[in-house]
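These notes concern the structure reproduced below.
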Amino acid sequence: MAGAIQKNLILFLLGKMTAVLGSSIYGFAIGLYILAKTGSSLNFAITLLLSALPRILLSPIAGTISDRWNRKIIIITSDFACAIWLMIVFFIFTFLYPEIWVLYLATAVLSILNTFYSNAVTSAIYNMVGPDHLQKAMSLNQAAASLSTILGPVLGGVFFGLFNITTFMIINIITFTISGLASVFIQYDLFAEKKEKTSGNSVFTDLKLGLSYVKEQAFIKNLIMISIFLNFWFAVFPVALPYLVLSVRKMESYQLGIIEGSFSVGMLIMSIFLSTRPEIKRKELSILGGLIAMSCVLIFIGLPSFPGMMNVTNGIFFPYLIFMVLLLSIFIMIINMPIMVLLQKSTPDHYRGRVMSLLETGASAMAPIGYILFGFLLEKMPVWILLAICGLSIISLILYHIKRKTFVEHLRNADKPKEMALEA
(Lines give C-alpha, C1' and ligand atoms only; values in the text may rest on other atoms or scores of the structure.)
Protein backbone atom coordinates (compact mmCIF):
# COMPACT_ATOMS: atom_id res chain seq x y z
CA MET A 1 0.00 0.00 0.00
CA ALA A 2 2.82 2.40 0.91
CA GLY A 3 4.46 1.78 -2.47
CA ALA A 4 1.19 2.48 -4.30
CA ILE A 5 0.74 5.74 -2.38
CA GLN A 6 4.31 6.81 -3.18
CA LYS A 7 3.80 5.99 -6.86
CA ASN A 8 0.54 7.97 -6.88
CA LEU A 9 2.23 10.99 -5.29
CA ILE A 10 5.12 10.99 -7.79
CA LEU A 11 2.86 10.64 -10.83
CA PHE A 12 0.40 13.17 -9.42
CA LEU A 13 3.15 15.73 -8.85
CA LEU A 14 4.56 15.11 -12.36
CA GLY A 15 1.17 15.51 -14.04
CA LYS A 16 0.10 18.51 -11.99
CA MET A 17 3.41 20.33 -12.38
CA THR A 18 3.61 19.91 -16.15
CA ALA A 19 -0.04 20.83 -16.77
CA VAL A 20 -0.06 23.92 -14.54
CA LEU A 21 3.38 25.13 -15.67
CA GLY A 22 2.45 24.74 -19.34
CA SER A 23 -0.83 26.59 -18.78
CA SER A 24 0.95 29.35 -16.83
CA ILE A 25 3.52 29.90 -19.60
CA TYR A 26 0.80 29.81 -22.27
CA GLY A 27 -1.54 32.15 -20.35
CA PHE A 28 1.22 34.71 -19.72
CA ALA A 29 2.32 34.64 -23.37
CA ILE A 30 -1.26 35.03 -24.64
CA GLY A 31 -1.73 38.06 -22.41
CA LEU A 32 1.47 39.65 -23.69
CA TYR A 33 0.52 38.86 -27.29
CA ILE A 34 -2.93 40.47 -26.98
CA LEU A 35 -1.46 43.55 -25.30
CA ALA A 36 1.23 43.84 -27.98
CA LYS A 37 -1.22 43.42 -30.87
CA THR A 38 -4.06 45.61 -29.59
CA GLY A 39 -2.41 47.92 -27.06
CA SER A 40 -5.67 47.68 -25.10
CA SER A 41 -5.89 46.85 -21.41
CA LEU A 42 -9.59 46.12 -21.98
CA ASN A 43 -8.74 43.32 -24.40
CA PHE A 44 -6.31 41.94 -21.84
CA ALA A 45 -9.02 42.15 -19.16
CA ILE A 46 -11.35 40.15 -21.41
CA THR A 47 -8.88 37.25 -21.40
CA LEU A 48 -8.79 37.35 -17.57
CA LEU A 49 -12.59 37.39 -17.46
CA LEU A 50 -12.85 34.47 -19.88
CA SER A 51 -10.43 32.54 -17.66
CA ALA A 52 -12.29 33.22 -14.41
CA LEU A 53 -15.97 33.29 -15.40
CA PRO A 54 -16.37 29.62 -16.47
CA ARG A 55 -14.82 28.49 -13.19
CA ILE A 56 -17.27 30.58 -11.16
CA LEU A 57 -20.33 29.56 -13.18
CA LEU A 58 -19.56 25.90 -13.87
CA SER A 59 -17.84 24.73 -10.67
CA PRO A 60 -21.07 23.44 -9.03
CA ILE A 61 -21.94 21.43 -12.15
CA ALA A 62 -18.35 20.14 -12.42
CA GLY A 63 -18.48 19.10 -8.76
CA THR A 64 -21.78 17.29 -9.28
CA ILE A 65 -20.45 15.42 -12.31
CA SER A 66 -17.28 14.42 -10.44
CA ASP A 67 -19.53 12.83 -7.77
CA ARG A 68 -21.58 10.98 -10.39
CA TRP A 69 -18.87 9.74 -12.76
CA ASN A 70 -15.48 8.09 -12.50
CA ARG A 71 -13.09 10.89 -11.53
CA LYS A 72 -10.09 9.26 -13.19
CA ILE A 73 -11.92 9.25 -16.52
CA ILE A 74 -12.88 12.93 -16.05
CA ILE A 75 -9.25 13.88 -15.29
CA ILE A 76 -7.75 11.96 -18.22
CA THR A 77 -10.47 13.10 -20.63
CA SER A 78 -10.03 16.75 -19.59
CA ASP A 79 -6.26 16.62 -20.07
CA PHE A 80 -6.41 15.06 -23.52
CA ALA A 81 -9.39 17.25 -24.50
CA CYS A 82 -7.28 20.34 -23.66
CA ALA A 83 -4.43 18.98 -25.83
CA ILE A 84 -6.78 18.19 -28.74
CA TRP A 85 -8.54 21.55 -28.45
CA LEU A 86 -5.21 23.39 -28.58
CA MET A 87 -4.24 21.38 -31.66
CA ILE A 88 -7.44 22.60 -33.33
CA VAL A 89 -6.74 26.19 -32.24
CA PHE A 90 -3.15 25.89 -33.50
CA PHE A 91 -4.41 24.78 -36.94
CA ILE A 92 -7.10 27.50 -37.13
CA PHE A 93 -4.81 30.29 -35.92
CA THR A 94 -1.86 29.23 -38.11
CA PHE A 95 -3.60 28.41 -41.38
CA LEU A 96 -7.10 29.96 -41.38
CA TYR A 97 -7.87 32.91 -39.07
CA PRO A 98 -4.97 34.46 -37.11
CA GLU A 99 -7.40 36.75 -35.26
CA ILE A 100 -7.67 37.73 -31.59
CA TRP A 101 -11.16 36.23 -31.22
CA VAL A 102 -9.66 32.76 -31.84
CA LEU A 103 -7.48 33.25 -28.74
CA TYR A 104 -10.51 34.42 -26.76
CA LEU A 105 -12.39 31.29 -27.79
CA ALA A 106 -9.38 29.12 -26.94
CA THR A 107 -9.14 30.68 -23.47
CA ALA A 108 -12.84 30.19 -22.72
CA VAL A 109 -12.90 26.52 -23.76
CA LEU A 110 -9.66 25.74 -21.90
CA SER A 111 -11.11 27.38 -18.78
CA ILE A 112 -14.24 25.22 -19.05
CA LEU A 113 -12.21 22.02 -19.44
CA ASN A 114 -9.85 22.99 -16.61
CA THR A 115 -12.84 23.59 -14.31
CA PHE A 116 -13.88 19.94 -14.70
CA TYR A 117 -10.26 18.78 -14.40
CA SER A 118 -9.41 20.73 -11.24
CA ASN A 119 -12.62 19.79 -9.44
CA ALA A 120 -12.17 16.08 -10.21
CA VAL A 121 -8.53 16.23 -9.06
CA THR A 122 -9.33 18.04 -5.81
CA SER A 123 -12.15 15.65 -4.90
CA ALA A 124 -10.01 12.58 -5.80
CA ILE A 125 -6.95 13.42 -3.67
CA TYR A 126 -8.31 11.68 -0.56
CA ASN A 127 -9.04 8.49 -2.51
CA MET A 128 -5.58 8.63 -4.08
CA VAL A 129 -3.47 8.82 -0.88
CA GLY A 130 -5.78 8.15 2.08
CA PRO A 131 -6.16 10.11 5.34
CA ASP A 132 -2.58 9.72 6.61
CA HIS A 133 -0.94 11.34 3.57
CA LEU A 134 -3.65 13.88 2.82
CA GLN A 135 -1.80 16.98 4.09
CA LYS A 136 1.33 15.93 2.19
CA ALA A 137 -0.57 15.44 -1.08
CA MET A 138 -2.47 18.71 -0.80
CA SER A 139 0.71 20.58 0.14
CA LEU A 140 2.52 19.16 -2.90
CA ASN A 141 -0.51 20.10 -5.02
CA GLN A 142 -0.20 23.70 -3.80
CA ALA A 143 3.60 23.64 -4.19
CA ALA A 144 3.24 22.66 -7.86
CA ALA A 145 0.74 25.48 -8.41
CA SER A 146 2.94 28.04 -6.61
CA LEU A 147 6.12 27.02 -8.45
CA SER A 148 4.27 27.28 -11.75
CA THR A 149 3.00 30.73 -10.80
CA ILE A 150 6.61 31.80 -10.21
CA LEU A 151 8.18 30.13 -13.24
CA GLY A 152 5.33 30.69 -15.71
CA PRO A 153 5.71 34.48 -16.10
CA VAL A 154 9.52 34.21 -16.04
CA LEU A 155 9.72 31.53 -18.75
CA GLY A 156 6.82 33.08 -20.66
CA GLY A 157 8.56 36.45 -20.70
CA VAL A 158 11.87 34.95 -21.83
CA PHE A 159 10.32 32.73 -24.52
CA PHE A 160 8.00 35.47 -25.78
CA GLY A 161 10.92 37.31 -27.33
CA LEU A 162 12.24 34.13 -28.94
CA PHE A 163 9.24 32.16 -30.18
CA ASN A 164 6.07 32.65 -32.19
CA ILE A 165 2.79 32.58 -30.25
CA THR A 166 1.89 29.24 -31.82
CA THR A 167 4.98 27.71 -30.20
CA PHE A 168 3.36 28.31 -26.81
CA MET A 169 0.35 26.34 -28.00
CA ILE A 170 2.64 23.42 -28.89
CA ILE A 171 4.32 23.62 -25.47
CA ASN A 172 0.94 23.47 -23.75
CA ILE A 173 -0.21 20.60 -25.97
CA ILE A 174 2.85 18.62 -24.85
CA THR A 175 2.33 19.42 -21.14
CA PHE A 176 -1.36 18.48 -21.23
CA THR A 177 -0.43 15.19 -22.94
CA ILE A 178 2.20 14.39 -20.28
CA SER A 179 -0.33 15.17 -17.54
CA GLY A 180 -2.92 12.90 -19.17
CA LEU A 181 -0.44 10.04 -19.54
CA ALA A 182 0.66 10.38 -15.89
CA SER A 183 -3.00 10.24 -14.79
CA VAL A 184 -3.50 6.96 -16.68
CA PHE A 185 -1.14 5.22 -14.23
CA ILE A 186 -2.47 6.87 -11.03
CA GLN A 187 -4.73 4.75 -8.80
CA TYR A 188 -7.32 7.39 -7.98
CA ASP A 189 -9.57 4.82 -6.21
CA LEU A 190 -6.97 3.41 -3.80
CA PHE A 191 -8.98 4.53 -0.75
CA ALA A 192 -12.33 5.07 -2.48
CA GLU A 193 -15.61 4.12 -0.88
CA LYS A 194 -17.70 1.56 -2.70
CA LYS A 195 -19.92 3.65 -4.98
CA GLU A 196 -23.60 2.90 -5.16
CA LYS A 197 -25.32 2.65 -8.49
CA THR A 198 -26.52 5.97 -9.93
CA SER A 199 -30.10 6.63 -8.80
CA GLY A 200 -31.14 8.01 -12.17
CA ASN A 201 -31.33 11.60 -10.92
CA SER A 202 -30.45 14.41 -13.27
CA VAL A 203 -27.32 16.49 -12.73
CA PHE A 204 -29.42 19.38 -11.40
CA THR A 205 -31.28 17.11 -8.98
CA ASP A 206 -27.96 15.85 -7.64
CA LEU A 207 -26.77 19.46 -7.38
CA LYS A 208 -29.85 20.26 -5.26
CA LEU A 209 -29.11 17.24 -3.07
CA GLY A 210 -25.59 18.59 -2.62
CA LEU A 211 -26.96 21.98 -1.57
CA SER A 212 -29.31 20.26 0.90
CA TYR A 213 -26.39 18.29 2.33
CA VAL A 214 -24.35 21.47 2.82
CA LYS A 215 -27.29 23.15 4.60
CA GLU A 216 -27.48 20.22 7.03
CA GLN A 217 -23.77 20.36 7.88
CA ALA A 218 -23.19 23.27 10.25
CA PHE A 219 -19.41 23.18 9.86
CA ILE A 220 -19.46 23.19 6.05
CA LYS A 221 -22.28 25.76 5.85
CA ASN A 222 -20.49 28.13 8.24
CA LEU A 223 -17.20 27.59 6.44
CA ILE A 224 -18.69 28.51 3.07
CA MET A 225 -20.37 31.63 4.50
CA ILE A 226 -17.12 32.72 6.17
CA SER A 227 -15.18 32.08 2.95
CA ILE A 228 -17.59 34.26 0.98
CA PHE A 229 -17.10 37.23 3.32
CA LEU A 230 -13.35 36.64 3.73
CA ASN A 231 -12.75 36.61 0.00
CA PHE A 232 -14.79 39.78 -0.40
CA TRP A 233 -12.69 41.70 2.15
CA PHE A 234 -9.42 40.12 1.01
CA ALA A 235 -10.12 41.28 -2.58
CA VAL A 236 -8.71 44.63 -1.45
CA PHE A 237 -5.16 43.17 -1.50
CA PRO A 238 -4.62 42.57 -5.27
CA VAL A 239 -6.25 45.95 -6.01
CA ALA A 240 -4.57 48.07 -3.32
CA LEU A 241 -1.02 46.67 -3.57
CA PRO A 242 -0.26 47.88 -7.14
CA TYR A 243 -1.88 51.23 -6.37
CA LEU A 244 0.18 51.57 -3.17
CA VAL A 245 3.47 50.59 -4.84
CA LEU A 246 3.16 52.43 -8.16
CA SER A 247 0.87 55.41 -7.50
CA VAL A 248 1.43 56.25 -3.83
CA ARG A 249 5.06 55.24 -3.28
CA LYS A 250 6.15 55.79 -6.93
CA MET A 251 8.23 52.62 -7.06
CA GLU A 252 9.33 50.96 -10.30
CA SER A 253 7.22 48.32 -12.02
CA TYR A 254 9.92 45.68 -11.54
CA GLN A 255 9.71 46.30 -7.79
CA LEU A 256 5.98 45.59 -7.89
CA GLY A 257 6.76 42.35 -9.75
CA ILE A 258 9.21 41.29 -7.04
CA ILE A 259 6.76 42.19 -4.24
CA GLU A 260 3.91 40.29 -5.89
CA GLY A 261 6.24 37.39 -6.66
CA SER A 262 7.05 37.03 -2.97
CA PHE A 263 3.44 35.92 -2.46
CA SER A 264 3.98 32.81 -4.59
CA VAL A 265 7.40 32.24 -3.00
CA GLY A 266 5.80 32.24 0.45
CA MET A 267 3.12 29.80 -0.69
CA LEU A 268 5.78 27.53 -2.17
CA ILE A 269 7.98 27.59 0.95
CA MET A 270 5.05 26.85 3.26
CA SER A 271 3.68 24.13 0.96
CA ILE A 272 7.01 22.30 0.94
CA PHE A 273 7.33 22.73 4.72
CA LEU A 274 3.83 21.35 5.40
CA SER A 275 4.42 18.43 3.03
CA THR A 276 7.29 17.28 5.27
CA ARG A 277 5.41 17.76 8.57
CA PRO A 278 2.83 15.61 10.37
CA GLU A 279 -0.78 16.70 9.94
CA ILE A 280 -1.71 19.81 11.93
CA LYS A 281 -3.54 18.63 15.07
CA ARG A 282 -5.09 21.75 16.62
CA LYS A 283 -6.75 22.84 13.42
CA GLU A 284 -9.02 25.39 15.10
CA LEU A 285 -5.99 27.24 16.49
CA SER A 286 -4.26 27.13 13.11
CA ILE A 287 -7.30 28.43 11.22
CA LEU A 288 -8.54 31.10 13.63
CA GLY A 289 -5.04 32.22 14.67
CA GLY A 290 -3.97 32.36 11.03
CA LEU A 291 -7.00 34.46 10.11
CA ILE A 292 -6.30 37.03 12.81
CA ALA A 293 -2.59 37.15 11.91
CA MET A 294 -3.43 37.49 8.20
CA SER A 295 -5.77 40.39 8.97
CA CYS A 296 -3.08 42.17 10.99
CA VAL A 297 -0.57 41.78 8.14
CA LEU A 298 -3.16 43.18 5.72
CA ILE A 299 -3.45 46.27 7.94
CA PHE A 300 0.35 46.64 8.24
CA ILE A 301 0.72 46.54 4.44
CA GLY A 302 -0.94 49.97 4.41
CA LEU A 303 1.78 51.47 6.63
CA PRO A 304 3.85 52.94 3.73
CA SER A 305 0.87 55.17 2.81
CA PHE A 306 0.33 56.46 6.36
CA PRO A 307 0.78 60.27 6.40
CA GLY A 308 3.66 60.18 8.89
CA MET A 309 5.50 57.60 6.79
CA MET A 310 5.54 59.36 3.43
CA ASN A 311 9.01 60.79 4.10
CA VAL A 312 10.51 57.34 4.72
CA THR A 313 12.49 56.18 1.68
CA ASN A 314 11.41 53.37 -0.63
CA GLY A 315 14.70 51.69 0.17
CA ILE A 316 13.16 50.78 3.53
CA PHE A 317 9.60 50.08 2.42
CA PHE A 318 10.56 47.92 -0.57
CA PRO A 319 11.99 45.06 1.58
CA TYR A 320 9.27 45.77 4.17
CA LEU A 321 6.51 45.08 1.62
CA ILE A 322 8.31 41.97 0.34
CA PHE A 323 8.40 40.64 3.91
CA MET A 324 4.76 41.55 4.62
CA VAL A 325 3.48 39.87 1.43
CA LEU A 326 5.63 36.81 2.19
CA LEU A 327 4.08 36.63 5.67
CA LEU A 328 0.61 37.06 4.21
CA SER A 329 1.01 34.05 1.93
CA ILE A 330 2.41 31.93 4.77
CA PHE A 331 -0.59 32.69 6.99
CA ILE A 332 -2.96 31.91 4.11
CA MET A 333 -1.37 28.45 3.82
CA ILE A 334 -1.69 27.98 7.60
CA ILE A 335 -5.41 28.73 7.19
CA ASN A 336 -6.15 26.90 3.95
CA MET A 337 -4.33 23.62 4.50
CA PRO A 338 -6.19 22.43 7.63
CA ILE A 339 -9.48 23.63 6.10
CA MET A 340 -8.93 21.57 2.96
CA VAL A 341 -7.82 18.53 4.98
CA LEU A 342 -10.91 18.83 7.19
CA LEU A 343 -13.23 19.10 4.21
CA GLN A 344 -11.64 16.11 2.49
CA LYS A 345 -11.85 13.96 5.63
CA SER A 346 -15.28 15.01 6.89
CA THR A 347 -17.16 14.87 3.57
CA PRO A 348 -18.41 11.51 2.24
CA ASP A 349 -16.92 10.56 -1.11
CA HIS A 350 -20.24 10.83 -2.98
CA TYR A 351 -20.63 14.47 -1.85
CA ARG A 352 -17.00 15.61 -1.93
CA GLY A 353 -17.02 17.09 -5.43
CA ARG A 354 -20.12 19.17 -4.79
CA VAL A 355 -18.92 20.44 -1.41
CA MET A 356 -15.51 21.49 -2.75
CA SER A 357 -17.06 23.15 -5.79
CA LEU A 358 -19.66 25.07 -3.78
CA LEU A 359 -16.91 26.36 -1.50
CA GLU A 360 -14.84 27.47 -4.49
CA THR A 361 -17.82 29.10 -6.22
CA GLY A 362 -18.91 30.99 -3.11
CA ALA A 363 -15.38 32.23 -2.47
CA SER A 364 -14.59 33.11 -6.10
CA ALA A 365 -17.87 34.87 -6.86
CA MET A 366 -17.28 37.62 -4.29
CA ALA A 367 -13.79 38.56 -5.51
CA PRO A 368 -14.89 40.42 -8.71
CA ILE A 369 -17.39 42.45 -6.66
CA GLY A 370 -14.61 43.34 -4.23
CA TYR A 371 -12.25 44.31 -7.07
CA ILE A 372 -14.78 46.78 -8.48
CA LEU A 373 -15.79 48.26 -5.11
CA PHE A 374 -12.28 48.64 -3.72
CA GLY A 375 -10.99 49.98 -7.03
CA PHE A 376 -13.61 52.70 -6.76
CA LEU A 377 -12.93 53.39 -3.05
CA LEU A 378 -9.17 53.71 -3.60
CA GLU A 379 -9.88 56.90 -5.52
CA LYS A 380 -11.91 58.26 -2.59
CA MET A 381 -9.82 57.39 0.49
CA PRO A 382 -6.19 56.69 1.52
CA VAL A 383 -4.87 53.16 1.02
CA TRP A 384 -4.05 52.66 4.70
CA ILE A 385 -7.61 53.47 5.77
CA LEU A 386 -9.14 51.05 3.26
CA LEU A 387 -6.74 48.25 4.23
CA ALA A 388 -7.43 48.92 7.92
CA ILE A 389 -11.20 48.74 7.34
CA CYS A 390 -10.87 45.42 5.49
CA GLY A 391 -8.44 43.92 8.00
CA LEU A 392 -10.56 44.94 10.99
CA SER A 393 -13.70 43.64 9.27
CA ILE A 394 -12.09 40.19 8.95
CA ILE A 395 -10.98 40.29 12.61
CA SER A 396 -14.50 41.30 13.68
CA LEU A 397 -15.99 38.42 11.69
CA ILE A 398 -13.62 35.92 13.32
CA LEU A 399 -14.17 37.30 16.84
CA TYR A 400 -17.91 37.05 16.28
CA HIS A 401 -17.61 33.35 15.44
CA ILE A 402 -15.23 32.75 18.34
CA LYS A 403 -17.78 34.36 20.66
CA ARG A 404 -20.52 32.13 19.29
CA LYS A 405 -18.29 29.12 20.10
CA THR A 406 -20.34 26.84 17.87
CA PHE A 407 -18.01 27.18 14.89
CA VAL A 408 -14.96 26.45 17.06
CA GLU A 409 -16.68 23.30 18.30
CA HIS A 410 -17.46 22.30 14.72
CA LEU A 411 -13.78 22.79 13.85
CA ARG A 412 -12.75 20.53 16.71
CA ASN A 413 -15.26 17.84 15.81
CA ALA A 414 -14.89 18.03 12.03
CA ASP A 415 -11.94 15.63 12.05
CA LYS A 416 -14.38 12.83 12.97
CA PRO A 417 -15.95 11.81 9.64
CA LYS A 418 -18.55 9.49 11.16
CA GLU A 419 -20.12 12.32 13.10
CA MET A 420 -20.24 14.54 10.07
CA ALA A 421 -21.36 12.13 7.37
CA LEU A 422 -25.03 12.06 6.54
CA GLU A 423 -26.47 9.90 3.84
CA ALA A 424 -28.51 11.55 1.14
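Scanning segment 376-422 for residues that are modelled with pLDDT under 65 and not in a helix (DSSP H, G or I) yields a total of 5. The sole residue among Asp67, Asp79 that is of a type in the set (Asp, Glu), under 19 Å from Ser23 (Cα atoms) and part of a helix (DSSP H, G or I) is Asp79. When you look at Leu190, is it closer than 26 Å to Ser271 by Cα and out of contact with any Cys (no Cβ under 6 Å at 6 or more places or on another chain), yes or no? Answer is yes for this residue.
If I filter segment 280-324 down to residues being farther than 22 Å from Asn231 by Cα, of a type outside the set (A, V, I, L, M, F, W, C) and in contact with a Lys or Arg (Cβ under 7 Å, 6 or more places away or on another chain), which single residue comes out as modelled with the highest pLDDT? Per the stated criteria, the residue is Pro304. When the helices (runs of 4 or more DSSP H) confined to segment 195-268 are screened for residues that are in the same structural domain as Pro307 (by TED's automatic domain parsing), over 16 Å from Gly353 (Cα atoms) and not aliphatic (A, V, I, L, M), those reaching at least 3 such residues are found at 218-234, 236-242.
Listed by first and then second residue, the pairs with beta-carbon distance under 7 Å, at least 6 apart or on different chains, first residue in segment 286-298 and over 14 Å from Ser396 (Cα atoms), second outside any helix (DSSP H, G or I), are Ser286/Ile280. Just one of the numbered conditions (1) in contact with a Lys or Arg (Cβ under 8 Å, 6 or more places away or on another chain); (2) farther than 20 Å from Ala124 by Cα is not true of Pro60: (2).
Could you tell me whether Asn127 is surrounded by fewer than 22 Cβ atoms within 10 Å (Cβ to Cβ) and among the polar types (S, T, N, Q)? Criteria met by Asn127. Only residues that are surrounded by fewer than 19 Cβ atoms within 10 Å (Cβ to Cβ) and within 21 Å of Asp189 (Cβ to Cβ) were counted across segment 73-93, and they come to 3. Can you name every residue in segment 346-361 that is over 16 Å from Ala218 (Cβ atoms) and either of a type in the set (A, V, I, L, M, F, W, C) or buried (at least 24 other Cβ atoms within 10 Å of the Cβ) (or both)? Listed by number, the residues that qualify are Arg352, Gly353, Arg354, Met356, Ser357. Contact map, segment 325-347: first residue outside any helix (DSSP H, G or I), second residue surrounded by fewer than 22 Cβ atoms within 10 Å (Cβ to Cβ), Cβ cut-off under 9 Å, separation 6 or more or different chains; pairs are Thr347/Gln217; Thr347/Pro417; Thr347/Met420; Thr347/Ala421.
Restricting attention to segment 174-195, which residues are among the aliphatic types (A, V, I, L, M) and surrounded by fewer than 20 Cβ atoms within 10 Å (Cβ to Cβ)? Listed by number, the residues that qualify are Ile174, Ile178, Leu181, Val184, Leu190, Ala192. Of Phe176, Phe163, all but one fail to be touching an Asp or Glu at 6+ places or on another chain (Cβ under 7 Å) and closer than 30 Å to Ala36 by Cβ; the exception is Phe176. Filtering segment 223-260 to residues that are under 17 Å from Gly391 (Cα atoms) and of a type in the set (Val, Ile, Thr) leaves Ile226, Ile228, Val236, Val239.
Evaluate segment 215-222: report whether one residue or more is surrounded by fewer than 17 Cβ atoms within 10 Å (Cβ to Cβ), acidic (Asp, Glu), under 30 Å from Asp349 (Cβ atoms) and in contact (Cβ under 8 Å) with a residue 12 or more places away in the chain. The answer is yes, given that some residue of segment 215-222 is surrounded by fewer than 17 Cβ atoms within 10 Å (Cβ to Cβ), acidic (Asp, Glu), under 30 Å from Asp349 (Cβ atoms) and in contact (Cβ under 8 Å) with a residue 12 or more places away in the chain. Screening segment 240-292 for residues that are among the β-branched types (Val, Ile, Thr) and crowded, with 21+ Cβ neighbours inside 10 Å and picking the one that is nearest to Ile402 (Cα to Cα) gives Ile287.
The values are calculated or read from the model by the stated rules, or taken from the named source; none is laboratory data. Quick caveat, the model's predicted, so the values are computed rather than measured. For neighbour counting, all protein chains shown are included, and Cβ atoms are generated from backbone atoms with ideal geometry for every residue, glycine included.
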